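Nothing in this text is a laboratory measurement; each read-out follows from the coordinates by a stated rule. Everything numeric in this text was worked out from a predicted model, so none of it was measured. Here the Cβ is made from the backbone with ideal geometry for all residues, glycine too, and neighbour counts use every protein chain on show.
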Amino acid sequence: MKRFIFLTIMLFTPLFSFADMMKHVAITAIVEHPSLDQIRDGVKDELTDSGYKLNENLTVQYKSAQGSSATAAQIARQFIAAKPDVIVAIATPSAQATAAATKQIPVVFAGITDPVAAKLIKNWQPTGTNITGVSDYQEIVPQIDFMKKIVPNVKSVGYIYSPSEINSTVVLKNLQTHLAKQNISLIAVPAQRTADISTAANTLKGKVDLIYTTTDNNVVSAYESLVKFANENKIPLLASFPDAIERGAVAAYGMSYYDVGRQSGKLVVRILKGEKPGNIAPELGQSLRLVINADAAKKQGVNLSTEIIESAYKIIGQ
C-alpha cells in the first residue's frame with residue numbers, strides 16, 4: 001500500500017507543480033502614450049527574463065482606459081472578475097480605480113508620482129494590504145536646477161496640468177513652493193481634457209521663458225501640439241521624462257520609464273513566486289538621466305552650453 005501511494009505521488013506531482021502552473025498577469029493603463037507603454041513593455045520583458053513564457057506558463061492581459069476614469073473603473077471590475085494572480089496598474093487614475101475595486105487580488109502600481117497623496121499607501125513602509133508598487137516621484141529642486149542650466153536667465157516658467165490628476169497637482173504645489181524661493185514666477189494653466197492643451201499653451205505666449213512638462217496624461221497625449229506651439233513661438237520645452245525628446249522637447253531630466261517597468265516587473269515576479277504584496281515596501285524609480293534633442297534646441301531658440309552637452313546621457317539630432 002505504501003509503495004502504491006509513493007508511486008501515485010511521483011506520477012501526479014509534476015502535473016501540479018508550482019513552477020508549471022499558468023500565471024495570469026493583468027495590466028491596465030489610463031491611456032496609451034510612449035512613457036506608459038514603456039512601463040508596460042518593461043514589466044513584460046522582466047517577466048520573460050525571469051523565466052515566464054507567454055502561452056506556456058504565463059498569460060498577460062492588457063487594457064487601456066483611453067483617458068477615461070470611468071473606463072478605468074470598468075476595466076478594474078473586468079480584471080477582478082477574471083481573477084488574475086497580479087494586476088499591474090499604470091498611472092494614478094488606473095491605480096486608484098483598481099485599488100478601490102479589490103482588497104484581495106495583488107496590485108502593483110507603476111508610474112505613480114505620489115502614491116501617498118493618491119491614498120494608495122499610507123507611507124513608504126510595507127502596507128500590509130494587497131498593494132505595492134513603484135513611484136516615478138522626483139525631487140523638484142534638481143528639476144529647477146535642470147531648467148536653469150538649459151535656460152540660465154529663466155524668470156518665468158509655464159506649466160500645463162490636469163486638475164484631476166493628483167500626480168500633476170502634487171508637482172504644481174512643489175513648483176509653486178520652490179520656484180518662489182528662487183524668485184522665479186510660475187504661470188500654471190489647467191487643461192482638463194487632451195483637447196484643451198493647445199488652447200492652454202496659447203495663454204502662455206509672451207509670458208514665460210520656458211514650459212516645463214511632466215507625465216500628466218492629457219499633456220503627454222497631446223504633446224505634438226505643445227511642441228508645435230514651442231517651435232513657432234521659440235519657447236523652450238523641457239520635460240521630466242526622457243521620452244519627451246523623441247517627440248520634440250529640447251531636453252529632459254528624469255528616469256527611464258522602461259526601467260520603471262522593469263523595476264515594477266521584479267515586484268510582480270516576487271508576488272508570483274509567493275510573496276505577499278503587503279510585505280513588499282513600495283519603491284522609488286532609479287537612475288535619472290539628462291537627454292537632449294539638438295534639433296529641437298535650434299527650433300526653440302536654445303543655445304546649449306558645452307557643459308550641458310558633455311553631461312548628457314543621450315543626444316539626438318546632432
For this session: Find the relative contact order for the range 197-318 and round it to a whole percent, using C-alpha pairs within less than 8 Å whose residues are 6+ positions apart.
Result: 24 percent
Seminar exercise, completed: So, relative contact order of the chain in percent, Cα under 8 Å, 6 or more apart, is 19 percent
Exercise. Which distance in nm do the two modelled labels at GLU283 and SER305 give, with both placed 7 Å along the Cα-to-Cβ direction?
Worked result: 3.4 nm
Exercise. Over all distinct Cα pairs, what is the inverse of the mean 1/r for the chain, reported as the Kirkwood hydrodynamic radius in Å?
Worked result: 20.7 Å
For this session: Using just the helices of the chain, give the 222 nm mean residue ellipticity in deg cm²/dmol: DSSP H runs with n ≥ 4 each add -39,500 (n - 2.57), and the total is spread over all residues, rounded to 500.
Result: -12000 deg cm²/dmol
For this session: Please report LEU238, LEU304 as a ranked list, fewest other C-beta atoms within 10 angstrom at the top and most at the bottom.
Result: LEU304, LEU238
Exercise. In nanometres, what is the gap between the two model label sites at ASN231 and GLU32, each 7 Å from Cα along Cα-to-Cβ?
Worked result: 2.4 nm
Exercise. How do the peptides 245-251, 153-159 rank, highest first, by the average count of neighbouring beta carbon atoms within 10 Å per residue?
Worked result: 245-251, 153-159
Seminar exercise, completed: By the Kirkwood definition, with r running over pairs of different Cα atoms, the range 117-168 has a hydrodynamic radius in Å of 14.2 Å
Exercise. Using the alpha-carbon centroid of each, what span in Å lies between the range 147-173 and the range 42-116?
Worked result: 29 Å
For this session: Just round it to a whole percent: the fraction of Cα-Cα distances in the range 239-295 exceeding 12 Å.
Result: 68 percent
For this session: Within 10 Å, count the other beta carbons around each residue, average over each peptide in 116-125, 305-314, and list them highest first.
Result: 116-125, 305-314
Problem set entry | Relative contact order computed over the range 109-153 (Cα-Cα under 8 Å; 6+ residues apart), in percent | 44 percent
Seminar exercise, completed: Residues whose modelled amide H sits under 5 Å from the amide H of VAL88, counting only those 5 or more places away in sequence or on another chain, are ALA26, ILE27, THR28, VAL108
Seminar exercise, completed: Residue separation between LYS298 and GLU139 times 0.36 nm, minus their alpha-carbon distance, gives in nm 54.4 nm
Exercise. Top mean-square fluctuation among TYR212, TYR257, TYR161, Gaussian network model of the chain, C-alpha springs under 10 Å?
Worked result: TYR212
Exercise. Among ASN167, ASN183, ASN218, which one moves the most in a GNM of the chain with springs linking Cα atoms closer than 10 Å?
Worked result: ASN183
Seminar exercise, completed: So for R0 = 22 Å, FRET eff. of LYS314-LYS173 from the Cβ-Cβ r, to 0.05, ends up at 0.10
For this session: Using R₀ = 45 Å, calculate the FRET efficiency as 1/(1 + (r/R₀)^6) where r is the Cβ-Cβ separation of ILE187 and GLN61; round to 0.05.
Result: 0.60
Problem set entry | Which of PHE229, PHE109 has the fewest Cβ neighbours within 10 Å, and the rest in rising order | PHE229, PHE109
